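Undergrad: Mind looking over this structure? Questions follow.
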Amino acid sequence: MLEVALRHRFPGFALDTAFIAPTPGVTAVFGPSGCGKSTLLAAIAGLLRPEEGRVALDGAVLLDTAARVMMPAERRRCGVVFQDSRLFPHLSVETNLRYGLRRAPRDAEGPGFAEVVDLLGIAHLLPRRPAALSGGERQRVALGRALLSRPRLLLMDEPLAALDAPRRAEVLPFLARVRDRFRAPILYVTHALDEVDRLADNLVLMEAGRVLAADTVEALSTRADLPQLAARRDAGALLPCTVLAHDPARGLTRLGFPGGELRVPLREEPPGTRMRVRVRARDVSVATEEPRGLSVQNILPVTLESLGPAAPHEAMLRLRLGGAVLLARVTDDAVARLALRPGQRLWALVKSAAFAANTPSLENPG
Ligand SMILES: Nc1ncnc2c1ncn2[C@@H]1O[C@H](COP(=O)(O)OP(=O)(O)OP(=O)(O)O)[C@@H](O)[C@H]1O
């Protein structure tokens, strides 16, 4: 596991964070601009000396100010990928990559040159200079260089933030491949929730230099008490699903999750494929009786666990179905009209079409 406790001050800003991230796995650090995500990463990598703190990775202490331990950055073996690729502009892609390999300790286990080039699909780019690459290609090379240094920990600081939507879509699958192929834990800074859905196992939610919550992505997705997540337009429960069967004639795929089934527009993945689905709170409505004669494909029996304010004139409902929880965002008027109260048996309605616009979060997390 990765243990982090750090305190550091800049004029007008104080970082005071502590969290534990399981290893291996991807932990996303999520929070608004200026909340201290990059400062946190820099202190872990050894690029910034914090006033106080302790960082340990699987028992190896990288920093412990109380014990006066401050391992230099090069010995921490953190591979860092920044928003801008920071490749050497005067060197070819191949030489940039080999620079990473030269930094790897002799006895360190890890991927070889050919394996990384193949995994990232960059063989055809090897003779080029960085200026002749697209933004997405540059990020793939930067990722390759970081991997070839055989890091114990990969630190990614918004690696997709500088890319437009098509380029992000191009690079995301490569990040997923890296996560699946290599066992190095990854700390992934982002403020894009779709990247969290696609890549992360765990989430550290930050605000103004502090950690508000740290848990699995699924668990945090159903916390109605965290407005940083719950007030977003794309807020909603993230369900771990498995493809059960396809029905091409009806254009539908059945997905199973602990607690029920969902029907979504036809998918290509074979039965048995695991995937995560974010059921957005604003796509869920409720009924007090089982509805009939509706076009809605997903009508799920649930119990109302709790309800609280979500926005002016809106409430957030937490709905339990077996081992899963759904969030539903409804008007205060609906709460009053249906006399909604905790413990009530309800029917949750989710249109299958809600998932069509939601396709990126329907990808296989491996
Ligand atoms: N070297 C520095 N000197 C003074 N203040 C700094 C320094 N580096 C960062 N800060 C301040 O610390 C705060 C946190 O910055 P940081 O870059 O860690 O945030 P962030 O969450 O990564 O933001 P973003 O998402 O915009 O990259 C900001 O208020 C920033 O202005």
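Undergrad: What helices (runs of 4 or more DSSP H) completely inside the stretch 174-280 contain at least 1 residues that are open to solvent by 60 Å² or more (accessible area, probe 1.4 Å), modelled with pLDDT under 90 and out of contact with any Ser or Thr (no Cβ under 7 Å at 6 or more places or on another chain)?
TA: Because the criterion is at least 1 residues that are open to solvent by 60 Å² or more (accessible area, probe 1.4 Å), modelled with pLDDT under 90 and out of contact with any Ser or Thr (no Cβ under 7 Å at 6 or more places or on another chain), the helices (runs of 4 or more DSSP H) in the stretch 174-280 that meet it are 227-230.
Undergrad: Would you say Arg102 is farther than 25 Å from Leu172 by Cβ, outside any loop (DSSP other than H, G, I, E, B) and open to solvent by 20 Å² or more (accessible area, probe 1.4 Å)?
TA: Taking the combined requirement at face value, the residue satisfies it.
Undergrad: Within the stretch 83-99, track down each residue that is open to solvent by less than 50 Å² (accessible area, probe 1.4 Å) and either among the aliphatic types (A, V, I, L, M) or modelled with pLDDT of 90 or more (or both).
TA: Matches in the stretch 83-99: Leu87, Leu91, Ser92, Val93, Asn96, Leu97.
Undergrad: So Gly46 clears everything in (1) in contact (Cβ under 8 Å) with a residue 40 or more places away in the chain; (2) among the small types (Gly, Ala, Ser); (3) within 16 Å of the ligand (Cβ to nearest atom) except one condition, right? Which one?
TA: (1)
Undergrad: Take Val4 and tell me if it is open to solvent by less than 50 Å² (accessible area, probe 1.4 Å), within 27 Å of Arg198 (Cβ to Cβ), within 16 Å of the ligand (Cβ to nearest atom) and free of Cβ contacts under 8 Å to residues at least 60 places away in the same chain.
TA: yes
Undergrad: Here is a further query. So which of Leu62, Leu41 is in contact with a helix residue (DSSP H, G or I) (Cβ under 6 Å, 6 or more places away or on another chain) and at pLDDT 90 or above?
TA: Residue meeting the stated conditions: Leu62.
Undergrad: Related question: Of the conditions (1) exposed (fewer than 14 other Cβ atoms within 10 Å of the Cβ); (2) within 16 Å of the ligand (Cβ to nearest atom), Pro72 clears all except one; give me its number.
TA: Here Pro72 meets the rest and fails (2).
Undergrad: Please find, among Val243, Val217, the residue that is over 16 Å from the mean Cα position of the chain (by Cα), more than 25 Å from Phe13 (Cα to Cα) and among the aliphatic types (A, V, I, L, M). Talk me through it step by step, then tell me what you get.
TA: Numbers: Val217 fails: over 16 Å from the mean Cα position of the chain (by Cα).
Among Val243, Val217, only Val243 is over 16 Å from the mean Cα position of the chain (by Cα), more than 25 Å from Phe13 (Cα to Cα) and among the aliphatic types (A, V, I, L, M).
Undergrad: What is the number of the single condition among (1) under 21 Å from Thr190 (Cα atoms); (2) within 11 Å of the ligand (Cβ to nearest atom) that Pro11 does not meet?
TA: Unmet for Pro11, out of (1) under 21 Å from Thr190 (Cα atoms); (2) within 11 Å of the ligand (Cβ to nearest atom): (1).
Results for (1) in contact (Cβ under 8 Å) with a residue 24 or more places away in the chain; (2) among the basic types (Lys, Arg); (3) out of contact with any strand residue (DSSP E or B) (no Cβ under 6 Å at 6 or more places or on another chain), shown as yes or no for each residue.
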{"site": "Ala56", "(1), (2), (3)": "yes, no, no"}
{"site": "Val61", "(1), (2), (3)": "no, no, no"}
{"site": "Pro72", "(1), (2), (3)": "yes, no, yes"}
{"site": "Ala132", "(1), (2), (3)": "no, no, yes"}
{"site": "Gly136", "(1), (2), (3)": "yes, no, yes"}
{"site": "Leu148", "(1), (2), (3)": "yes, no, yes"}
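Undergrad: Inspect the stretch 20-39 for any residue being farther than 17 Å from Gly79 by Cα, assigned to a strand (DSSP E or B), away from the ligand (no atom under 16 Å from the Cβ) and open to solvent by 20 Å² or more (accessible area, probe 1.4 Å) and give the result as yes or no.
TA: Within the stretch 20-39, one or more residues are farther than 17 Å from Gly79 by Cα, assigned to a strand (DSSP E or B), away from the ligand (no atom under 16 Å from the Cβ) and open to solvent by 20 Å² or more (accessible area, probe 1.4 Å).
Undergrad: Let me ask something additional. How many residues does the stretch 144-173 contain that are open to solvent by 10 Å² or more (accessible area, probe 1.4 Å), within 16 Å of Gln83 (Cα to Cα) and in a loop (DSSP other than H, G, I, E, B)?
TA: Of the residues in that region, 5 qualify.
Undergrad: Still on this model: Taking the condition part of a loop (DSSP other than H, G, I, E, B) and open to solvent by 20 Å² or more (accessible area, probe 1.4 Å), does Ala310 pass?
TA: Judged against the criteria, Ala310 is not a match.
Undergrad: A further question follows. For the stretch 332-347, state whether one or more residues are open to solvent by less than 60 Å² (accessible area, probe 1.4 Å) and within 25 Å of the chain's Cα centre (by Cα).
TA: no
Undergrad: For the stretch 254-261, indicate whether the set of residues that are over 17 Å from Ala324 (Cα atoms) and in contact (Cβ under 8 Å) with a residue 40 or more places away in the chain is non-empty.
TA: Checked the stretch 254-261: no residue is over 17 Å from Ala324 (Cα atoms) and in contact (Cβ under 8 Å) with a residue 40 or more places away in the chain.
The values are calculated or read from the model by the stated rules, or taken from the named source; none is laboratory data. Computed from a predicted structure; not experimentally measured. Neighbour counts run over all protein chains shown; Cβ positions are idealised from the backbone, glycine included. Ligands, DNA and RNA are stripped out before the accessible areas are found, and what is left, the full protein with its side chains, is counted by its heavy atoms. Shrake-Rupley method; radii C 1.70, N 1.55, O 1.52, S 1.80 Å.
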